[in-house]
């Protein structure tokens, strides 16, 4: 019988956001852009901050799910830049159990060297919205091994 992957925490992050900007309705749903203005991340093997200037491109589908494609850079405490392309799917209306499906699959592009292992693994994570006072999302990112 096949054995599924196990997950190991890589880091937890808080991404700070601006209010989302509507881009209009399309045949696929309603489009939005959410500017990423900063944040921080910390885990056992890397920590640092999220650089301002990225964006989360969103598509609100007719079935109530939100497709996310976030593009941004992280900078580690030792000044290494890591490009992140983070695709996700968020259930905007809670299910019958009161929970919302909110998962992401980040892809990293790190320089060869200390953080090169980020280029060689598959990752998955959870997304939890922040409180209403400060627009943000909380991420927990895991490597699949």
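Observations, loosely collected:
- Assessment of the stretch 121-131 against the conditions (modelled with pLDDT under 95, within 14 Å of residue 17 (Cβ to Cβ) and not in a strand (DSSP E or B)) yields at least one matching residue.
- Screening residue 27 with (1) under 19 Å from residue 73 (Cα atoms); (2) loosely packed, with under 15 Cβ neighbours inside 10 Å gives one miss only, at (1).
- Counting only strands (runs of 3 or more DSSP E) that sit wholly inside the stretch 25-68, those with at least 3 residues that are touching a strand residue (DSSP E or B) at 6+ places or on another chain (Cβ under 8 Å), modelled with pLDDT of 95 or more and within 20 Å of residue 105 (Cβ to Cβ) are 29-42, 54-60.
- Failed item, numbered, when residue 99 is tested on (1) closer than 16 Å to residue 127 by Cα; (2) not in a loop (DSSP other than H, G, I, E, B): (2)
- Residue 4, sole failed condition from (1) exposed (fewer than 13 other Cβ atoms within 10 Å of the Cβ); (2) more than 26 Å from residue 118 (Cβ to Cβ): (2)
- Test for residue 22: is it out of contact with any helix residue (DSSP H, G or I) (no Cβ under 9 Å at 6 or more places or on another chain), on the phi < 0 side of the Ramachandran plot, without any contact (Cβ under 8 Å) to a residue 60 or more places away in the chain and assigned to a loop (DSSP other than H, G, I, E, B): no
- Residue 119 vs. criteria touching a strand residue (DSSP E or B) at 6+ places or on another chain (Cβ under 7 Å), within 20 Å of residue 50 (Cα to Cα) and surrounded by fewer than 15 Cβ atoms within 10 Å (Cβ to Cβ): yes
- Subset of the stretch 131-145 (residues that are farther than 18 Å from residue 74 by Cβ and surrounded by 14 or more Cβ atoms within 10 Å (Cβ to Cβ)): 135
The values are calculated or read from the model by the stated rules, or taken from the named source; none is laboratory data. A quick note: this is a predicted structure, and the numbers were derived from the prediction, not measured. No Cβ is skipped: glycine too gets one built from the backbone with ideal geometry, and neighbour counts run over all protein chains shown.
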